[in-house]
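Read the structure below first, then the notes.
No lab work stands behind these numbers, since they all come straight from the coordinates. None of these values were measured; they are calculated from a predicted model. Using ideal geometry, Cβ is built from the backbone for each residue, glycine included, and neighbour counts are taken over all protein chains shown.
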Amino acid sequence: MNHSKKFYTRQPIILTSASFVRVLILILSTALMLMGCHGDEPLPKGKYEHGIIVINEGNFGAANGSVTFYSAPSGDVEQNIFRNDAGDFAGEVVQSLTLDGDIGYMVINGDNKIEIVNHNTFKSLGTLSDELLDKPKYIQIMGRQAYVSVLGPYEEGGYSLVDSYVLVFDLDTKEVVKKIETDEGTENLLLAGQYLFASNYNYGGSNTVAIIDIATNTLEDQLEVGSGPAGLVADVNGDIWVLCEGDFGGANGTLVRINPNTLQVEKTIDLHVNPYTDLAITPDGENLVYTAEGSVFMISISAETAPDEPLFIAGNVVNTYALDINPENGDIWIGDAVNFASVGSVFIYDAEGVFKTSFTAGINPRQFTFK
Amino acid sequence: MLLRFGMLLMIAYAGFNARAQVDSTWLEPVTIYGLPEEVYLAGSHTITLDSTLQQQQDSRHLGEILSFQLPIYFRNYGNGMSSGISMRGTSPQHVAVRWNGININSFSLGQADFSILHTVAFDAVKVHVGGGSARFGSGALGGSVLLSTGEDPKHPIMFSQEFGSFGRYFTSLKGSLNIRNVTSSTSLYRTQSKNNFPLPGSNHRQPHAAYLQQGIVQTLQFALSPSRRLKVNYWYHYADREIQPTIGNTTSQDTQRDQNHRLSFTYEQNNRFGLLSLSGGLVDDKIIYNGVVGEIFRWIGIASHQYTLPKKINLSVGVEWNHIIGKMPDYGPEQPVEDRIDVSASLQKNLDRLSLALSVRQPFIPRVSAPLLPYLGAEFDLIRKNPHQLKIRANGSRNFRAPTMNDRYWQDAGRDDLQPETSYAAEVGLDWRIHKTTLTASAFAQTIEEWIQWVPESNGVFRPVNIKKVGIKGMEIGVSSARSWGNLSASGTLNYALTHSITKETHASNQSEVGKQLIYTPVHTGSAILDSNYKTWSATLYFQFTGTRFTEAANSPVYALDPFALVDFSVGKSWSFQRHHLGVYAIVKNLLDTPYKLYSGRAMPGRNYTFKLTYKLNKKPHEPF
């Protein structure tokens, strides 16, 4: 009662010119303070700034390769966030995405082009294409140069690769500046120091890793490793690891360690399985993760032999098509292509292999980008 | 080249024809009557393509015109590119295409590519809807398309020329003549297009989609006596196509050439022992993809006999033999060779208002246990008071599809122990007519088991397995009517089909398919044709509607193709002078400029135009008796 009376009898605020100035100063200073806050925490760069990008190849011949956005931690999923200028999807066989600052380079294997996007908004910034860009696979950026692994043409009247290479683009002119010949079936790329490492996979038909000196854009060497070298990672010591698939049905996959300074093979570990092509590394850079027939294996970089037991069995995964580890929290991500005909799924396990969650992606999920 | 040769042939024909007329009139060919297929398929629905409309649209491939005439879906991999049929909720492998009684589905893929079946090559086109393996053998689950050449020629000379958008030309030339006891007819056709149509919703044009297709059909009939004749049918089709790439691909260099030779010799005799027909022939199908030749060669023998038993029971027995040689590089160093034999018998009997048909067929395929395939159908005239007629019909059948040569012999993947797909199909329907208005309605159901799917094994290799079970239910309705008012006449047809084609069971890795509609199988399909004539003027409106099609087995809406409606419009004028008949037509295709796709990622053109010129020489009127 008393309180309300006091409130009721309170003087109304009448702004004198002096008090008006004071209020104005208050408002302005608040505004300035708020603007200052924005300076510390910049405005979001776009809808897709933080989260995980899933690259989905799509069906062969249907031009429905797509990009899925998974928003962590909400778990919201948005399908098909990028469409090329003519189609309803990103393109024919979307192979990989590589980030460089705010720019993303998306390799469209079937369309023989590279879509350049702002990966925070997935707005198109143009494309890279060239007559020599024939079945591109992966891309790495160093300064204003882009290195693209290219499978190249098939033999006349057949499906054997006859001329694979790494193509160097100048990103300012968008022109090819160099074609560096490699063994057939060049796929994964890894930049380490002054070298670019490129695995010559060729479905098990090649067995070398090309080493390219990026100062001169010349082939330094092609190191012999196991059959079908594919996934490439660098460990905590800077050593390069190559996952080799082995011979078809031969259960003779290997993990090979390359010294990035001497450019020599230092260690080869027999895996006694034919692993899937993708190789992942834990956030501490101490353990490597690979899969074979639905089992996920973890091996320390100091191990001498392959583990007998898998870390876990991904029981719900029908056909592993992508494997990676979230560097933020060590979660193991697996892309499931299911039957290669219907939409695929992504399964997320924690670092110990305990299932966390899964979500529907596009057709044939092939690669994850954590950002 | 082919065409130039044809021109020469035509001139020769015209000369012969003129000379032949000097001493004789156009000879009546030998008449040998057999009962049409429909009779042995009493209880089901067979549609004959309207010959006027067929002639008007003869420059298009069958996949383009059937989708306007019937509620059938075609998945075309672009404009003028490969085209697969989907009838009654089945896949393209579940429709048997037969040319003069010979199955011409690809024996490697199991399906027919309708884009290399040019309407101009056929004298008659019939479509049997529903299960018909008992008469048409492997693959006749959704229906059968029956093509024939060598019918009695209607015009001594026919010529047609078209010019169209995107650098499209079409030329056809047909000639026939009759000297003494020999009738010969020749048909030549050629179509080509740059096919660089503007991509809907983009500033670009479709790259790399040019095509050239041409062919020759030659028929010879020797009348050996009034009741015996020998027929030779030869058809060669050649297609050379840049493969239209998916939207957004501007670098594709893929090309495909098709070379199809089909040759048959048929001896027919009709006497008191019945109608005997003996055929021998060959089919040579070649696909040359990026220079790699894949070939399936077949020797074919067919014998059939039709006879009317006491009590007016019609009997037809037959045997068909296919000797198949698989010359595909994908089959490995050893060419698989196999013999397939089908034995069949059919009975048909009319009992006052009731018509009954019973057929059985037993195929024999090496290392495959093919089932016995019966068909039982009945039709009953409920009302037959002119002008009001109502017929009800029903049929049931067991059908099958043999594993393809790819399924059996693909190196390191094919399985020799695959079993055939089998189905049970049933249908009820009615045909109702008052004056010139007809209504046809059918409700159908089919269960297909042991459906062959290529499934990835744990090592990533795809191999075929008998795994899927599909349940199909649906209905079709068709209405047609014709009216005339003095010089003005009009006719119209309207078709609609509702099709639920659902995966019931499948491989463990494909569980997301279960309970879902098959891909590229629209639930709703409709078509309509409105044709009107005023004196020598004609106008025709073609319409088709296709509902949503899923392109992904789990029916994800992200990948579904949107429904669309297409309208084509044609207007024509003709002039007749004595036996000469000249026609001029202007045709607008996709009048509403609708953006649409028939297959994921493959563009189809917007509004485009064709100008057509036709010339026909009519037969000389018969001498009075």
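Close amide H contacts of residue A:111 (hydrogens built in the peptide plane, cut-off under 5 Å, sequence separation of 5 or more or a different chain): A:92. Cross-link candidates for residue A:45: which aspartates and glutamates have Cα within less than 16 Å, leaving aside residues fewer than 8 places away along the same chain? Once the sequence-local aspartates and glutamates are set aside, what remains near residue A:45 is A:100, A:102. The GNM of chain A, with springs linking C-alpha atoms under 10 angstrom apart, assigns the highest mean-square fluctuation among A:104, A:143, A:205 to A:143.
3J(HN,Hα) couplings calculated from phi for region B:160-174 with the Karplus curve 6.51 cos²θ - 1.76 cosθ + 1.60 (θ = phi - 60°) are, in sequence order, 8, 9, 10, 10, x, 4, 6, x, 9, 10, 9, 9, 9, 9, 10 Hz; Gly and Pro show x. Shielding value for A:52-58 is 1, the average number of Cβ atoms from other chains within 10 Å of each residue's Cβ.
For B:424, A:290, B:585, the sequence from fewest to most other C-beta atoms within 10 Å is B:424, B:585, A:290.
In region A:214-351, taking the dipole from charged Cβ atoms about the Cα centre, the farthest positive-side position among A:226, A:342, A:299 is held by A:342. Take each residue in A:86-98, count the other chain C-beta atoms within 10 Å of its C-beta, and the mean is 4.
Does chain B classify as rounded, prolate or oblate by the C-alpha gyration tensor (a ≥ b ≥ c root eigenvalues; a/c under 1.5 gives rounded; else a/b over b/c gives prolate, otherwise oblate)? Cα axes put chain B in the rounded bin. The C-alpha atoms of chain A define a longest principal axis, and helix A:17-40 lies at about 10 degrees to it.
When the protein assembly as shown is described by a simple charge dipole with +1 on each Lys and Arg Cβ and -1 on each Asp and Glu Cβ, the residue from B:202, B:131, B:56 located farthest towards its positive end is B:56. Would you give the gap between the C-alpha center of region B:98-163 and the C-alpha center of region B:547-609, rounded to a whole Å? Spelled out, the Cα-based centre of one part sits 21 Å from the other. Taking the Cα centre of chain A as reference, the dipole from Cβ charges on Lys and Arg (+1) and Asp and Glu (-1) amounts to some 2640 debye. Projecting the Cα atoms of B:556, B:371, B:615 onto the charge dipole of the protein assembly as shown, computed from C-beta unit charges around the Cα centre, puts B:615 farthest toward the positive end.
Largest GNM mean-square fluctuation among A:308, A:270, A:170, using chain A with Cα springs under 10 Å: A:308.
Karplus-derived 3J(HN,Hα) values for region B:383-395, using 6.51 cos²θ - 1.76 cosθ + 1.60 with θ = phi - 60°, are 10, 9, 9, 4, x, 10, 9, 9, 10, 10, 8, 7, 8 Hz; glycine and proline are entered as x. Highest-first packing order for the peptide set B:471-477, B:299-305 is B:471-477, B:299-305, based on the mean count of other beta carbon atoms within 10 Å. Across all C-alpha atoms in region B:209-269, the radius of gyration and Dmax reach 19.5, 63 Å. Of the GluC sites (Glu not before Pro) found in region B:312-407, those that fall in a DSSP loop while having at most 14 other beta-carbon atoms within 10 Å are B:334.
Looking at this model, which pairs from A:356/B:597; A:113/B:597; A:113/B:589; B:126/B:468 are more than 28 angstrom apart at the alpha-carbon? As for pairs spanning more than 28 Å Cα to Cα, those are A:356/B:597; A:113/B:589; B:126/B:468. Ordering B:550, A:248 from the fewest to the most neighbouring beta carbons within 10 Å gives A:248, B:550. Per-residue Cβ neighbour counts within 10 Å put B:98, B:398 in the sequence B:398, B:98, beginning with the fewest. Percent of Cα pairs in region B:93-184 per distance bin of 5 Å, from zero to the largest separation: 3, 11, 18, 17, 14, 12, 14, 8, 2, 0. Helical content alone sets the calculated 222 nm signal of the protein assembly as shown at -2500 deg cm²/dmol, taking -39,500 (n - 2.57) per DSSP H segment of four or more residues and averaging over every residue. Set the Cα radius of gyration of region A:185-231 against 2.2 N^0.38 Å, with N its number of residues, and you get 1.07. The trypsin sites (Lys or Arg not before Pro) of region B:317-393 meeting both criteria, a DSSP state outside H, G, I, E and B (loop) and at most 14 other C-beta atoms within 10 angstrom of the site's C-beta, are B:353, B:367.
Candidate cross-link partners of residue B:349 among the aspartates and glutamates, defined by an alpha-carbon separation under 15 Å and a same-chain spacing of 8 or more, comprise B:37, B:38, B:379, B:381. Shape of region B:408-525 from its Cα gyration tensor (a ≥ b ≥ c, root eigenvalues): rounded if a/c is under 1.5, otherwise prolate when a/b > b/c, or oblate? Cα axes put region B:408-525 in the prolate bin. Given +1 at the Cβ of Lys and Arg, -1 at the Cβ of Asp and Glu and no other charges, the dipole of region A:282-344 around its Cα centre is 240 debye to the nearest 20. Within the listed set A:148, A:317, A:54, the residue fluctuating most in the Gaussian network model of chain A (springs between alpha-carbon atoms under 10 angstrom) is A:317. The GluC sites (Glu not before Pro) of region A:247-349 that DSSP puts in a loop, and whose beta carbon has at most 12 other beta carbons within 10 Å, are A:304, A:328. Counting only other chain Cβ atoms within 10 Å of each residue's Cβ, the peptide A:333-344 averages 6.
Rounded to the nearest 20 debye, the dipole magnitude of the protein assembly as shown is 7000 debye, with +1 charges on Lys and Arg beta carbons, -1 on Asp and Glu beta carbons, and the Cα centre as origin.
Here the Kirkwood formula puts the hydrodynamic radius of region B:118-162 at 12.6 Å, using every distinct Cα pair.
Would you work out if region B:132-191 is rounded, prolate or oblate? Take a ≥ b ≥ c from the square roots of the eigenvalues of the alpha-carbon gyration tensor; rounded if a/c is under 1.5, else prolate when a/b is larger than b/c, oblate otherwise.
Values: a/c = 4.25, a/b = 1.23, b/c = 3.46.
Oblate.
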